[in-house]
Amino acid sequence: MSHRHDVFAILRKVKSTWHDFRKNKLGILGLVILLFFITIALLADNLAPYGEWELRTGRPFERPSSRHPLGTDELGRDILSLVIYGTRISLLVGIVAALFSAGIGGIIGLCSGYFGGLVDDVLMRVTDSLLVIPTIVLTIIMAALLGPNIFNIILVIVIVSWPPIARIIRSQVLSIKEQAYVEAARAIGCSSTRILFRHILPNALPMLIVNMVFQVSSAILAEAALSFLGLGDPHHTSWGMLLHYAWSSGALAAGSWWYVVPPGLCILALVIAFAFIGYALDEVLNPRLRRT
């Protein structure tokens with residue numbers, strides 16, 4: 001009966017959150033853009049005019065035309081098809097990296113804030129050690145050492161992304177655990193696990209969700225940056241890899257703007273979409289930011 005009550009409570013919370021979220025115009029705009037890219041990623045095989053690895057569909061650096069709406073690259077590949085297929089990897093890296101970053105950062109922040117003492121000291125010293133290293137330097141070094149693989153890129157992004165989340169969640173937990181209902185749960189003999197996941201986590205979850213959404217944007221930009229620097233996975237097409245190929249082939253010097261602008265605009269649009277969704281969720285889930 002208790003579990004059923006919890007499920008209904010979650011459903012009511014989701015319904016209430018959606019009711020408030022849909023009033024935010026920027027949030028809805030971000031959601032529409034995101035759904036647009038998700039649709040493209042899911043239907044890439046049906047939407048792309050040519051295959052992902054289909055060569056010489058036209059002349060090298062061919063200008064946009066009815067046959068190639070976004071022109072071709074240095075190998076004569078259709079850029080529209082490459083941009084469509086690149087949506088998959090950019091979304092995959094962003095979402096998966098954000099999920100793991102939020103998961104690791106959330107667990108460490110929960111444990112550090114709740115248990116305190118030696119646990120807090122050890123976890124926060126590890127967190128601080130990663131925070132003091134310049135993120136871009138650490139990212140490039142790790143990506144170069146691990147090699148150009150899409151899963152290595154996700155791993156690198158996760159390693160450099162969870163410490164800030166852990167810090168934020170820890171500060172939330174330090175505040176929540178002093179509340180009267182947590183003290184009451186301790187007084188009646190509830191276990192630490194029950195208190196953490198039944199009383200503290202639900203109250204820290206809104207902040208964790210908001211940070212996870214923002215982290216997707218950061219992960220997409222990180223993948224694009226690493227790929228542009230030549231540290232991306234050449235076996236998968238992503239928007240960052242397209243920018244890398246455009247730069248290395250001299251597309252800009254040749255005036256082939258159609259090779260650079262589409263993937264760049266896609267990165268910008270997707271990052272803005274998640275930023276809009278994140279700001280809207282922050283406003284909905286954070287009572288202090290709600291408009292009156």
The one condition R194 fails out of (1) surrounded by fewer than 22 Cβ atoms within 10 Å (Cβ to Cβ); (2) within 21 Å of A98 (Cβ to Cβ) is (2)
Go through I107, I84, I89 for me and flag whichever is of a type in the set (V, I, T), out of contact with any His (no Cβ under 8 Å at 6 or more places or on another chain), modelled with pLDDT of 90 or more and under 30 Å from R167 (Cα atoms).
I107
Looking at (1) modelled with pLDDT of 90 or more; (2) part of a helix (DSSP H, G or I), which is the only condition V137 fails?
(1)
Qualifying position, being outside any helix (DSSP H, G or I) and without any contact (Cβ under 8 Å) to a residue 40 or more places away in the chain, among E183, E178:
E178
Across the range 129-145, what is the number of residues that are open to solvent by less than 80 Å² (accessible area, probe 1.4 Å) and without any contact (Cβ under 8 Å) to a residue 24 or more places away in the chain?
6
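More than 20 Å from the chain's Cα centre (by Cα), touching a residue at least 40 places away in the same chain (Cβ under 8 Å), part of a helix (DSSP H, G or I) and closer than 30 Å to I195 by Cβ, is that true of L123? Talk me through it step by step, then tell me what you get.
Working: more than 20 Å from the chain's Cα centre (by Cα): yes; touching a residue at least 40 places away in the same chain (Cβ under 8 Å): yes; part of a helix (DSSP H, G or I): yes; closer than 30 Å to I195 by Cβ: yes.
The answer is yes for L123.
Scan the range 197-207 residue by residue and report those that are free of Cβ contacts under 8 Å to residues at least 60 places away in the same chain and within 16 Å of G103 (Cα to Cα). Can you show your working first?
Going residue by residue through the range 197-207, those that are free of Cβ contacts under 8 Å to residues at least 60 places away in the same chain are 197-199, 202-203, 205.
Selection gives F197, P202, N203, L205.
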Considering the range 197-227 alone, what residues qualify as being farther than 30 Å from L174 by Cα and crowded, with 21+ Cβ neighbours inside 10 Å?
I220, A222, E223, A224, L226, S227
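The values are calculated or read from the model by the stated rules, or taken from the named source; none is laboratory data. Please read all numbers here as calculations on a predicted model, not as lab measurements. Positions of Cβ are generated from backbone atoms using ideal geometry, with glycine treated the same way; all protein chains shown enter the neighbour counts. The area values use the complete protein model at the heavy-atom level, side chains included, leaving out ligands, DNA and RNA. Shrake-Rupley method; radii C 1.70, N 1.55, O 1.52, S 1.80 Å.
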